[in-house]
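Quick note: the coordinates plus some simple rules give every number you see, no bench work behind them. These figures come from a predicted structure and were not determined experimentally. When we count neighbours, we look across all protein chains shown, and the Cβ atoms used for this are built from the backbone with ideal geometry, even at glycine.
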């Protein structure tokens, strides 16, 4: 299949990483060519994620003092809620102390980066966006800890290859769109296993030059991959919302 030009897009990490992995899935998702029944599983995952974020905000506001009676129609599994509650009550105070004495809790920051990054996609109005689950920031130390909630379990192989670039992008967005960073920490919280994973050696020096270079590398790879629209087998095929329409998906990965 030949390459195509699409309208300007908000480039989230999810969209950017999909463009790098498989131009076929990216094209179908972005142009809304997928029948609604193909997206059923994805809608459920999205609903769980949205509900989890509402619960996280509630737990933060009440410092973990929330009691819930779970019913059959409860969308967030009880184990994930209890894991998040445990994180807010036991781990978060320690993390705040590590960041600085005047640490701010910043849930659900929505940040947009409008500046042009080369090489671009050829869509002049495109922009980079990010939704940060929870950020801890100290204006005094200019230290930032970015925390991302994950509803499922995490495997070691995906931590660096997929999630670190995602949170590095969030750090760049925070630095450019909210407040300056000198030290950065990146942390994942797994819902089901109640584990926290550092993607940095706790706190590291933040390099704006390096962050922009990494983002430009991802943009260049996506740009190159989108020159030809074709399915590409990769380790995340089983999670793809268009896998039932994919001519090469065999269900064996």
Just order 160-169, 94-103 by mean Cβ neighbour count inside 10 Å, highest at the front, would you?
160-169, 94-103
Fully extended, how many nm does the chain gain between residue 97 and residue 160 (0.36 nm per residue separation, minus their Cα-Cα distance)?
20.1 nm
